[in-house]
Amino acid sequence: MKEVEIDIAVRYGGEEFMVILPETPLQGAISAGERLRKLIKKEVNEKIPLIYNGRRFMITSSVGVASLKEDDTSNDLIKRVDQAMYDAKKKGKDQVCWIE
């Protein structure tokens, strides 16, 4: 039987990306977000240092996570994910926040 990949990663805005994990429960998505956040912080900054006017900048990520509820529309889910991402930014960036 052929394995089917169903997870989707897309660019959602200027510097925003969305990863859709349709068969992953909330805790698994939070774990995936944390792994991605750590990977970006470590690998991107080590392999592609960002230096401007002699000053080094760190690239980090603020990750929002939410799960689809029974009566949700896609817009409902996107609003909660967006809110969780902004919560992560307000709390100091470089972290994962979620809305249940």
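Consider the stretch 30-57. How many of its residues are touching a strand residue (DSSP E or B) at 6+ places or on another chain (Cβ under 8 Å) and within 29 Å of ILE99 (Cβ to Cβ)? Selection size over the stretch 30-57: 6.
Under the condition of being touching a residue at least 40 places away in the same chain (Cβ under 8 Å) and exposed (fewer than 15 other Cβ atoms within 10 Å of the Cβ), the residues counted in the stretch 53-67 number 0.
All of LEU21, LEU50 fail the test of being out of contact with any Leu (no Cβ under 7 Å at 6 or more places or on another chain), surrounded by 15 or more Cβ atoms within 10 Å (Cβ to Cβ) and at pLDDT below 95, apart from LEU21. Cβ-Cβ contacts under 7 Å between residues 6 or more apart (or on different chains), taken from a first residue in the stretch 21-46 that is touching a residue at least 40 places away in the same chain (Cβ under 8 Å) and of a type in the set (S, T, N, Q) to a second residue that is assigned to a helix (DSSP H, G or I) and surrounded by 15 or more Cβ atoms within 10 Å (Cβ to Cβ), are absent. Within the stretch 24-39, the residues that satisfy the criterion of being loosely packed, with under 13 Cβ neighbours inside 10 Å and in a helix (DSSP H, G or I) are GLN27, ARG35, LEU39. On inspection, ALA9 does not qualify as surrounded by 13 or more Cβ atoms within 10 Å (Cβ to Cβ) and not in a loop (DSSP other than H, G, I, E, B).
Residue-by-condition table, conditions (1) in contact with a Ser or Thr (Cβ under 6 Å, 6 or more places away or on another chain); (2) in a strand (DSSP E or B); (3) surrounded by 10 or more Cβ atoms within 10 Å (Cβ to Cβ):
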residue: LYS41; (1), (2), (3): yes, no, yes
residue: GLU46; (1), (2), (3): no, no, no
residue: LYS69; (1), (2), (3): no, no, yes
residue: ASN75; (1), (2), (3): no, no, no
residue: MET85; (1), (2), (3): yes, no, yes
residue: LYS93; (1), (2), (3): yes, no, yes
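Residues in the stretch 46-71 that are within 20 Å of the chain's Cα centre (by Cα) and within 30 Å of PRO22 (Cα to Cα): 11 in all.
The values are calculated or read from the model by the stated rules, or taken from the named source; none is laboratory data. Predicted, not measured: the structure shown is a model, and the values here were computed from it. All Cβ positions, even for glycine, are placed from backbone atoms using ideal geometry, and neighbour counts span all protein chains on display.
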